[in-house]
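Since the structure comes first, as structure tokens, the remarks are kept for the end.
Just so it is clear, none of the values below were taken in a lab; they were calculated from the coordinates. The model shown is predicted, which means the values in this text are computed figures rather than measured ones. Glycine gets a Cβ as well: all are built from the backbone with ideal geometry, and neighbour counts include every protein chain shown.
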Amino acid sequence: MNPMQQMMMQAQRMQRELAKAHAELDAKVFTVKKAGIVEIEVQGNRQIVSINIDEAALNPDDKDMIEDTILMAINEAMETIQAAHDEVDERITGQAKR
């Protein structure tokens, strides 16, 4: 087998590994808790699975604070998922994302 064929086979193997690893991450559920009042579950494919708000926080005067907390939790979950995808890419390809 010549070096070009070996490189092609290695690239195809890497693509299969990446696809498998990303599929596993897409199925994984990431949980983020914020301020003890909001818990967000997001699948690795970035689909929100659930939002749980502590009943004690459901005071109408706290509406803005609850909305901000939910927003922070969702953003953190998305960052965590992106970091997991980047880690898989780097582990398999040996190259970090910029």
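Annotations for the structure displayed:
- Under the criterion of Cα pairs below 8 Å and six or more residues apart, the relative contact order for the chain equals 26 percent.
- Within-11-Å neighbourhood charge of Ile66 [Cβ basis; K, R +1; D, E -1]: -4
- A Förster radius of 30 Å, combined with the Cβ-Cβ distance separating Met7 from Glu39, puts the computed FRET efficiency at roughly 0.05.
- Degrees, to the nearest 10: 3-27 long Cα axis against longest axis of the chain: 20
- For the chain, the normalised intensity computed at q = 0.11, 0.17, 0.18, 0.22 Å⁻¹ comes to -0.47, -0.79, -0.84, -1.03 (log10 of I(q)/I(0), Debye sum over alpha carbons, equal scatterers, no solvent).
- Dipole in debye (nearest 20) - the chain, about Cα centre, beta carbon charges: Lys, Arg +1; Asp, Glu -1: 860
- Two-site label geometry, Arg16 and Arg91: point separation in nm, points 7 Å out along Cα→Cβ: 1.9
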